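The values are calculated or read from the model by the stated rules, or taken from the named source; none is laboratory data. Everything numeric in this text was worked out from a predicted model, so none of it was measured. Note: ideal-geometry Cβ built from the backbone for every residue, glycine included; neighbour counts use all protein chains shown. Accessible surface is based on the protein model in full, side chains and every heavy atom, while ligands, DNA and RNA are left aside. Shrake-Rupley method; radii C 1.70, N 1.55, O 1.52, S 1.80 Å.
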Amino acid sequence: MNAVTGTGIGASVRRKEDYRFITGQGTYTDDINRPGQLHAYFVRSPHAFAKIKSIDTAAAKASAGVVAVFTGQELAADKVGGLICGWTVTGKDGTPHKAPPHPAIALDTARCVGDQVAVVIATTKEIARDAGEKIVVDYDVLQAVVDPVDTLKPNAPQLHAEAPGNLCYDWEFGDRASTDAGFAKAAHVVKLDLINNRLSPNPMEPRVAIGEHDRATDTTTCYSTSQNPHVLRLILCAFIFGLPEHKVRVVAPDVGGGFGSKIFCYAEEVVCVWASRKLNKPVKWTSDRSEAFLTDAHGRDHVTHAELALDKDGKFLALKCSTIANMGAYLSTFASCVPSYLYALLLAGQYTTPAIYAEVKAVFTNTTPVDAYRGAGRPEATYVVERLVEVAARQLNMDPAEIRKKNFIAPDAFPYQTPVAVAYDSGQYELSMNEALKMVDYKGFAGRRAESEKRGMLRGIGFAAYIEACGIAPSAVVGSLGAGVGLWESASVRFNPTGSVSVFTGSHSHGQGHETTFAQVVSEKMGVPIEQIDIVHGDTQRIPMGMGTYGSRSLAVGGSAIVKACDKLIAKGKKIAAHLMEAAVDDVEFDAGMFKVAGTDKSVPIGQVCFTAYVPHNYPADLEPGFEENAFYDPSNFTYPAGTHIAEVEVDPGSGHVTIAKWVAVDDFGNVINPMVVEGQVHGGVAQGVGQAMLEGVVYDKASGQLLTGSFMDYTMPRADDLPNFDVGMTHTPCPHNPLGVKGCGEAGAIAAPAALMNAITDALGVEIDMPATPEKVWRAAQGKVRALAAE
Amino acid sequence: MATVSMTVNGNKVSRDVEPRTLLVQYIREHLELTGTHVGCDTSQCGACVVHVDGQSVKSCTILAAQAEGSQVTTIEGLAKDGKLHPMQEAFREHHALQCGFCTPGMIMSAIDLVEKNPKLTEEDIRHGLEGNLCRCTGYHNIVKAIAAAAKTMGG
């Protein structure tokens with residue numbers, strides 16, 4: 001840590017952003033109201049699949065206070081482009097995925113419950129909603145299909161003419177021949193059928209969009225609950241409206257959680273921006289929670305068959321899996337890459353498995369679109385690998401820790417080339433696992449299990465040794481895999497004349513604490529206390545450029561860009577300091593805020609250098625004034641955090657209730673800037689993973705396609721009394737290829753937790769069940785175990 | 001329209017509102033106190049909790065008219081003369097918030113929990129928070145913060 005400031009790297013500095021949040025002064029998008037603002041209400045399809053025969057808007061239009069009613073026809077007439085998918089996945093047969101048209105308001109067909117059918121713009125929210133109920137839509141209701149397996153059947157309803165058989169893509173990855181060879185020589189083969197349940201992200205803040213057009217400058221502003229304002233601007237400009245980017249501003253102020261669901265460009269943003277330009281009035285839409293369940297992109301929804309081949313000693317020889325991934329009714333912004341490149345490339349896990357093959361069919365159904373949700377593909381991969389490994393240990397009667405250690409990639413094998421394209425940067429997998437075993441008191445587990453059984457309870461323990469890939473990059477590689485964007489990040493670090501610092505970052509903070517941790521990085525680098533450093537984000541007009549926050553990339557990529565900008569400032573500062581001290585530039589060193597001439601007692605503080613740069617009365621002749629630098633950073637590789645989570649549960653066979661008795665997480669995120677913040681990210685990730693494993697699951701009625709889990713009354717969110725305290729430990733294996741040596745921590749908990757918990761619950765029960773392990777499922781499964789124990 | 005009057009954060013206020021106006025709309029839209037949030041439409045999430053006559057109330061669940069004449073405290077009214085309430089301090093000290101959206105309701109609920117039961121246990125806290133959802137923190141640090149604040153508040 002920086003000795004001068006005490007607020008540098010490694011300090012659990014209390015968050016700078018907290019004061020406004022704990023006093024109610026945060027500014028979320030719904031807190032913004034623009035002069036003359038109108039309100040939008042969307043009429044949505046109540047049917048999962050229906051032809052729209054006619055829409056009668058006359059009564060709504062005639063209502064007092066209604067300014068306009070629009071349908072898809074008006075958007076089409078104005079040549080408003082449809083929503084896009086920014087990543088093209090190429091299938092087995094060499095053809096690109098099918099991305100059927102996705103109009104912001106449906107034209108002639110509604111393909112899921114909640115699909116936009118019309119929008120009412122009125123002077124108040126209440127008037128808009130009341131008028132919306134006067135719109136009469138004549139539907140020809142069609143048979144819907146919601147299940148990803150059913151939708152591939154020959155007689156299934158067909159969603160899009162552009163996607164025959166409802167197939168988005170049929171994709172494969174890995175080496176089939178070497179994988180088959182591994183299975184041919186296997187002593188044991190473990191087979192599992194797994195369902196990765198569909199989830200609703202549910203950030204506590206519902207989405208909001210405000211469009212506002214300024215005729216004076218012909219500039220349109222979109223206030224949005226976005227994780228990546230520049231990406232949203234790019235999509236709105238280049239694909240939806242054909243507007244130049246300098247005429248569109250996207251502002252994403254305080255955002256109340258995202259978890260992936262606020263990465264995407266949604267219909268409501270398009271409509272509010274378009275309507276504000278058409279009506280020359282600001283237009284605002286605020287989602288209610290029911291709309292959020294229907295329209296925020298969902299996560300997961302895989303059906304997988306997986307197999308692991310082992311030799312007689314428990315060494316992994318090969319892994320293969322076949323997955324059907326539900327894309328929902330349309331292809332969302334980055335949906336295609338989630339069950340392909342963010343999934344199959346992680347199937348090596350922490351192991352030396354020499355041959356891997358995966359095939360994925362992505363399919364359309366009459367459901368809400370599915371896209372990236374905390375972890376995005378990586379939790380699904382970890383679930384496949386870690387469930388297979390655990391079941392292998394059980395079938396071979398091996399200790400689940402030992403079978404993992406036997407197959408771990410050794411610490412001296414890095415960089416490690418996996419058989420699924422990616423090369424891991426660094427890791428010490430056994431170190432993390434040993435720490436976790438110690439923390440959970442693994443040796444004492446048998447005694448604890450016996451004690452539980454005395455009380456009529458079933459105890460189980462489960463492991464997840466997960467791998468994550470963060471900071472997806474470099475741009476050239478992701479481009480070759482089909483990404484339509486570069487995955488760099490930008491930063492601008494500006495010292496103001498009197499020494500305070502403004503840092504402009506393209507990363508976006510919506511709970512991650514960047515205003516503190518990024519300031520710590522600058523504090524460490526430049527020797528300035530964090531009170532004098534402001535992190536500015538979330539406004540395309542203030543931040544030069546950016547790619548936003550997702551995939552645990554902010555620190556590894558965005559933080560590295562900040563470091564690069566700081567390095568440029570230090571280099572410039574040395575020239576100024578050398579001039580002031582009448583020394584050679586090469587003799588000037590910089591440390592903890594002071595420029596010094598090596599081997600002398602001459603020094604000038606950074607504040608003086610900065611002031612001199614703006615008041616250059618005594619200044620190097622060939623140097624530009626000013627003390628501000630920009631930098632872009634494009635990583636040379638992903639970075640690969642990893643770790644071991646261990647869950648210990650007690651199951652009440654009488655009620656099916658599962659109590660999480662212990663949760664140990666030992667993660668290796670490389671170097672850590674703020675341990676307090678990082679532990680908080682682990683807690684939150686684990687809570688979402690526990691939610692997936694035990695509580696959450698989006699349910700559609702198969703016959704009607706209706707969403708049955710459409711509110712917090714029906715969709716079980718984790719509450720305080722569902723969760724334990726988490727025992728969090730860390731090991732630190734720095735990332736070798738970014739300047740901070742950091743990996744990423746945002747998604748790890750959500751990646752590790754479902755596998756660890758399901759391994760523990762199935763260990764207790766002695767039989768396989770699918771997520772979510774609800775009390776009913778657990779109770780049914782427990783009855784067999786109770787009978788077996790009674791017979792012993 | 002109906003005239004609804006009450007005292008909010010010590011200030012007497014009066015507004016003409018539609019009779020169907022919820023207390024949370026009155027607070028957010030008419031008084032422009034946007035610290036109180038709306039996170040759901042089924043009274044499940046607790047982002048809108050305020051104090052009405054000393055009781056924690058989900059302000060999305062009562063009409064403004066039902067609070068006629070009441071003393072209402074919102075998150076903006078907790079700090080006195082620039083000094084944070086011990087619960088606010090504890091949330092910051094224990095990193096009990098991330099995105100901050102559930103935080104105002106969480107803090108208002110927590111204060112009521114502690115005031116009703118100053119000696120509350122961890123189990124009491126977890127059970128008492130059943131009406132408040134947080135998607136970021138996994139509740140771990142919220143529970144710690146409330147336990148710490150309970151001590152400061154004189155439990």
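Numbers at a glance
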{"quantity": "Trypsin sites (Lys or Arg not before Pro), loop per DSSP, at most 12 other Cβ atoms within 10 Å - longest free stretch of chain B", "calculated": "B:21-118"}
{"quantity": "Rounded Å value of the spacing that divides the Cα centres of region A:680-700 and region A:48-113", "calculated": "32"}
{"quantity": "P(r) histogram, all alpha-carbon pairs of region B:86-152 included - 10 Å bins from 0, percent", "calculated": "24, 64, 12"}
{"quantity": "Nearby lysines by direct alpha-carbon distance to A:K98 (threshold 28 angstrom, same-chain neighbours under 8 apart not counted)", "calculated": "A:K51, A:K53, A:K79, A:K153, A:K262, A:K320, A:K361, A:K702"}
{"quantity": "Kirkwood Rh in Å, taken over region B:2-77 so that all alpha-carbon pairs contribute", "calculated": "11.9"}
{"quantity": "Computed accessible area, A:D214, all protein chains, 1.4 angstrom probe, square angstrom", "calculated": "70"}
{"quantity": "Nearest-10 value in Å² for the accessible area of A:T352, using the 1.4 Å probe", "calculated": "40"}
{"quantity": "Sites B:T42 and B:L84, calculated FRET efficiency, Cβ-Cβ separation with R0 22 Å, nearest 0.05", "calculated": "0.10"}
{"quantity": "Assigned charges on the beta-carbon of Lys, Arg, Asp, Glu; region A:672-745 dipole about Cα centre (debye)", "calculated": "260"}
{"quantity": "Label-point gap, in nm, between A:T774 and A:H188 - each point 7 angstrom along Cα→Cβ", "calculated": "3.4"}
{"quantity": "Principal axis box of region A:43-131, alpha-carbon based, largest edge first, Å", "calculated": "56, 24, 21"}
{"quantity": "Overall form of region A:582-638 per C-alpha gyration tensor (a/c, 1.5; a/b vs b/c)", "calculated": "oblate"}
{"quantity": "Length gained when the stretch A:A790-A:H732 is fully extended (0.36 nm per residue, less Cα-Cα span)", "calculated": "16.2 nm"}
{"quantity": "Per-pair calculated FRET efficiency, R0 = 56 Å: A:A77 and B:T7 via Cβ, rounded to 0.05", "calculated": "0.60"}
{"quantity": "Accessible-area ranking of A:T353, B:T34, largest first, probe 1.4 Å", "calculated": "B:T34, A:T353"}
{"quantity": "Segment A:Y614-A:D214, length gained on full extension (0.36 nm per residue, minus Cα span)", "calculated": "140.6 nm"}
{"quantity": "Cβ-placed point charges (K, R +1; D, E -1), dipole of region B:2-77 about Cα centre in debye, nearest 20", "calculated": "80"}
{"quantity": "Sequence-distant lysines (8 or more away, or on other chains) whose Cα lies within less than 23 Å of A:K574", "calculated": "A:K525, A:K564, A:K596, A:K602"}
{"quantity": "Inter-probe distance in nm under a simple model that places probes 7 Å from Cα toward Cβ, at A:A621 and A:S178", "calculated": "6.3"}
{"quantity": "Relative contact order, percent, region B:2-77 [alpha-carbon distance under 8 Å, six or more residues apart]", "calculated": "39"}
{"quantity": "Low-density loop cleavage sites - GluC sites (Glu not before Pro) in region A:530-604, where at most 15 other Cβ are within 10 Å (DSSP)", "calculated": "A:E582"}
{"quantity": "Under the Debye formula (equal points on every Cα, no solvent term), log10 I(q)/I(0) of region A:331-442 at q = 0.20 Å⁻¹", "calculated": "-1.14"}
{"quantity": "Mean Cα-pair separation over length for chain B, i.e. relative contact order, pairs under 8 Å, 6 or more apart, %", "calculated": "24"}
{"quantity": "Residue-averaged [θ]222 nm for chain A, counting only DSSP H segments that reach four residues, each worth -39500 (n - 2.57)", "calculated": "-8000 deg cm²/dmol"}
{"quantity": "Candidates B:C99, B:C48, B:C60, ranked by Gaussian network fluctuation over chain B, Cα under 10 Å, top entry", "calculated": "B:C99"}
{"quantity": "Full-stretch length increase - A:M398, A:S500 - with 0.36 nm per residue and alpha-carbon distance subtracted", "calculated": "30.8 nm"}
{"quantity": "Using θ = phi - 60° and Karplus 6.51 cos²θ - 1.76 cosθ + 1.60, couplings along region A:133-144 (whole Hz; Gly, Pro as x)", "calculated": "6, 8, 7, 10, 10, 9, 9, 9, 6, 10, 5, 9"}
{"quantity": "Computed over region B:86-152: relative contact order in percent, which uses C-alpha pairs under 8 Å that are six or more apart", "calculated": "55"}
{"quantity": "Links that overshoot a 30 Å alpha carbon limit, given the list A:K247/A:K575; A:K185/A:K777; B:K58/B:K119", "calculated": "A:K247/A:K575; A:K185/A:K777"}
{"quantity": "11 Å tail of the calculated P(r), region A:722-762, as % of Cα pairs", "calculated": "77"}
{"quantity": "Estimated vicinal HN-Hα couplings, Hz - region A:596-613 in sequence order (Karplus 6.51, -1.76, 1.60; Gly, Pro = x)", "calculated": "10, 8, 3, x, 10, 9, 7, 7, 9, x, 4, x, 6, 4, 4, 4, 5, 5"}
{"quantity": "Backbone N under 15 Å from the A:D56 label point (7 Å along Cα→Cβ), restricted to region A:111-128", "calculated": "none"}
{"quantity": "Those aspartates and glutamates that a straight Cα-Cα span of less than 16 Å connects to A:K134, excepting residues fewer than 8 apart in one chain", "calculated": "A:D56, A:E126"}
{"quantity": "Electrostatic dipole magnitude of chain A [Cβ: Lys, Arg +1; Asp, Glu -1; Cα centre; debye, to 20]", "calculated": "620"}
{"quantity": "Counting all C-alpha pairs of the protein assembly as shown, share separated by more than 42 Å (%)", "calculated": "36"}
{"quantity": "Simple spin-label estimate for A:A571 and B:R15 in nanometres, 7 Å along Cα-Cβ", "calculated": "5.5"}
{"quantity": "Surface share of carbon and sulfur [accessible, 1.4 angstrom probe, percent] for chain A", "calculated": "52"}
{"quantity": "Per-residue SASA entry for A:D313, accessible area with 1.4 Å probe, Å² rounded to 10", "calculated": "70"}
{"quantity": "For region A:619-637 and region A:392-442, distance of Cα centres in Å", "calculated": "42"}
{"quantity": "FRET efficiency for A:V136 and A:F239, using Cβ-Cβ distance with R0 set to 35 Å, rounded to 0.05", "calculated": "0.60"}
{"quantity": "B:F101, A:F611, ranked by accessible area, largest first (probe 1.4 Å)", "calculated": "A:F611, B:F101"}
